[in-house]
Amino acid sequence: MMDDAFLDSMRQAGDPLADAVIGEYIGAGEIPELNALLGRLHANLADPAGFPPRLAAYLDESSRLPSWADPARIERAQRMFTLHGPLFGVVMLFKSLPILYAGGKGGAQVLAMTGQLGNHYRRRASETLRFILDVMEPGGLGPGGKGIRTAQKVRLMHAAIRAYASAAEGWKGRLPAWGRPINQEELAGTLLAFSTVTLDGAKALGLGISGKDADAYLHVWKVIGHILGIDPRLYPEGAAQAKSFWKSLVRRNFCRTEQGLMLIKDHQDFLADLLPDKLIDRGIPTLLRYLMGRKISGSVFDLPKSSAPFTLLLCLVEFFHLQKLGYLIFPGLMRWARGLSITLMESFQAYMYAGKSKPFRVPPGLTQH
Ligand code: HEM
């Protein structure tokens, strides 16, 4: 079971396969070559044969789905996501992505660290949604699927960032407490945020999700976790174990940090930029509070207060665990969120295809440590 001793050991674990590939490039001082390759991978459709042997070997090994991957469940999950894509988009941008900024034991710090390399916060948010669209697209995890290639690229990027952050002064002193940058515990936490936490958010917005759909959704994310190099001992069996695992990760990692406050502030500005109408902006902190919950929104993120009647009702919803009925209790907020979903997806697509997101580059100064 995922007890504290086991999770402590997972904090010290990176991703041997991808770390070795990145380590070789850094050791050989071939960072420009590495950046060129990350750029080509960024294009997603490059043929592995065109890559140097060490990378071709990585692409070959990491492209294999686990033996327990169930195509029927993968297809079911992708179909559900495609059917409700815009609503899942709202949940990702108002819950699953920002809630991770509460990870104050290295998580928020590494995001802030790379973010300072030039307004990268929004880029990560938009690239992460692009990633989810690629893996959730029907066939995205099939042979030659876009999702597999995007996941392989993200895994290499994480390894490059792990090497970069580990070398940073601020990290060295914190190694025992924070563990490795982008470590296995945090990777598992993000996998839960994108799966079981997202389903809770969709239910809180009134989407009916059957047990079979929920099981299929968790399954497809375990398959994605496998391609991302996440340790299989960290995959929850079912929905109940996923929920209790998430609770222990929140207990172990969530706290208020300067970096978390900066990231959530920028995230709200990003959402405001994505939404055309200034009137709408006022609803942003309310929907964030409704989906992320009062505790994280208040004590960890200091979100602007919502109206007294809304706050009182939300207290009752949370106290009596009525989140699933939230869509009946807050009809106005639900109408707003659903109306928002299409606008958000359109302006997000415009943002993504306007070339505003520059690919991540490993800083030239990085050397092996
Ligand atoms: C299931 C787990 C995860 C997924 C699916 C994921 C996905 C992504 C994606 C799609 C990107 C953008 C890639 C691009 O630029 O093209 C990204 C970048 C990044 N991720 Fe992750 N991520 C995960 C876990 C984590 C964790 C646990 C951390 C840190 C604790 C992390 C830190 C970062 C950082 C620092 C960047 C670079 C952002 C930048 O460009 O500045 N990721 N991730």
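The values are calculated or read from the model by the stated rules, or taken from the named source; none is laboratory data. What you are looking at is a predicted structure, and each value in this text was computed from that prediction instead of being measured. Cβ atoms come from the backbone with ideal geometry, glycine included; neighbour counts cover every protein chain shown. Heads up: the accessible areas ignore ligands, DNA and RNA and are worked out on the full protein's heavy atoms, side chains in. Shrake-Rupley method; radii C 1.70, N 1.55, O 1.52, S 1.80 Å.
The table that follows gives values for the structure above.
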{"quantity": "Selection from the stretch 337-369 of residues that are touching a helix residue (DSSP H, G or I) at 6+ places or on another chain (Cβ under 6 Å), open to solvent by 50 Å² or more (accessible area, probe 1.4 Å) and modelled with pLDDT of 75 or more", "calculated": "342"}
{"quantity": "Number of positions in the stretch 301-336 that are in a helix (DSSP H, G or I) and either farther than 28 Å from residue 259 by Cβ or open to solvent by 60 Å² or more (accessible area, probe 1.4 Å) (or both)", "calculated": "22"}
{"quantity": "Criterion (over 30 Å from residue 202 (Cβ atoms), within 23 Å of the chain's Cα centre (by Cα), in a loop (DSSP other than H, G, I, E, B) and in contact (Cβ under 8 Å) with a residue 40 or more places away in the chain) met by exactly one of 13, 69, 18", "calculated": "13"}
{"quantity": "Matching residues in the stretch 139-175 - criterion: being part of a loop (DSSP other than H, G, I, E, B) and over 21 Å from residue 125 (Cβ atoms)", "calculated": "139, 141, 142, 143, 144, 145, 168, 173, 174"}
{"quantity": "Subset of the stretch 131-147 that is at pLDDT 90 or above and away from the ligand (no atom under 12 Å from the Cβ) - its residue that is nearest to residue 223 (Cα to Cα)", "calculated": "141"}
{"quantity": "Some residue of the stretch 106-126 being surrounded by fewer than 24 Cβ atoms within 10 Å (Cβ to Cβ), more than 10 Å from the ligand (Cβ to nearest atom) and on the phi > 0 side of the Ramachandran plot", "calculated": "no"}
{"quantity": "Sole exception among (1) among the aromatic types (Phe, Trp, Tyr); (2) under 30 Å from residue 22 (Cα atoms); (3) at pLDDT 85 or above for residue 320, by number", "calculated": "(2)"}
{"quantity": "Meets criteria (within 16 Å of the ligand (Cβ to nearest atom), assigned to a helix (DSSP H, G or I) and modelled with pLDDT under 85) for residue 7", "calculated": "no"}
{"quantity": "Checklist (1) more than 8 Å from the ligand (Cβ to nearest atom); (2) in contact with an Asp or Glu (Cβ under 7 Å, 6 or more places away or on another chain); (3) closer than 25 Å to residue 56 by Cα applied to residue 150, failing item", "calculated": "(1)"}
{"quantity": "Condition broken by residue 125, with the remaining ones in (1) part of a helix (DSSP H, G or I); (2) closer than 21 Å to residue 209 by Cα satisfied", "calculated": "(2)"}
{"quantity": "Search result, residues across the stretch 79-98 that are in a helix (DSSP H, G or I) and open to solvent by 10 Å² or more (accessible area, probe 1.4 Å)", "calculated": "79, 80, 81, 82, 83, 85, 86, 87, 95"}
{"quantity": "Residue list for the stretch 198-230, restricted to those being within 12 Å of the ligand (Cβ to nearest atom) and open to solvent by 20 Å² or more (accessible area, probe 1.4 Å)", "calculated": "222, 226, 228"}
{"quantity": "Subset of the stretch 155-180 (residues that are open to solvent by 30 Å² or more (accessible area, probe 1.4 Å) and near the ligand (Cβ under 10 Å from one of its atoms))", "calculated": "157, 158, 164, 180"}
{"quantity": "Residues (open to solvent by 30 Å² or more (accessible area, probe 1.4 Å) and over 19 Å from residue 193 (Cβ atoms)) located in the stretch 127-154", "calculated": "137, 138, 139, 143, 144, 146"}
{"quantity": "Residue match in the stretch 80-93 (condition: out of contact with any Pro (no Cβ under 6 Å at 6 or more places or on another chain), more than 9 Å from the ligand (Cβ to nearest atom), among the polar types (S, T, N, Q) and at pLDDT 95 or above)", "calculated": "no"}
{"quantity": "Residue within the stretch 206-215 that is among the β-branched types (Val, Ile, Thr), under 17 Å from residue 102 (Cβ atoms) and out of contact with any Cys (no Cβ under 6 Å at 6 or more places or on another chain) present", "calculated": "no"}
{"quantity": "Where residue 233 falls short, out of the listed (1) in contact (Cβ under 8 Å) with a residue 60 or more places away in the chain; (2) away from the ligand (no atom under 12 Å from the Cβ); (3) within 20 Å of residue 99 (Cβ to Cβ)", "calculated": "(3)"}
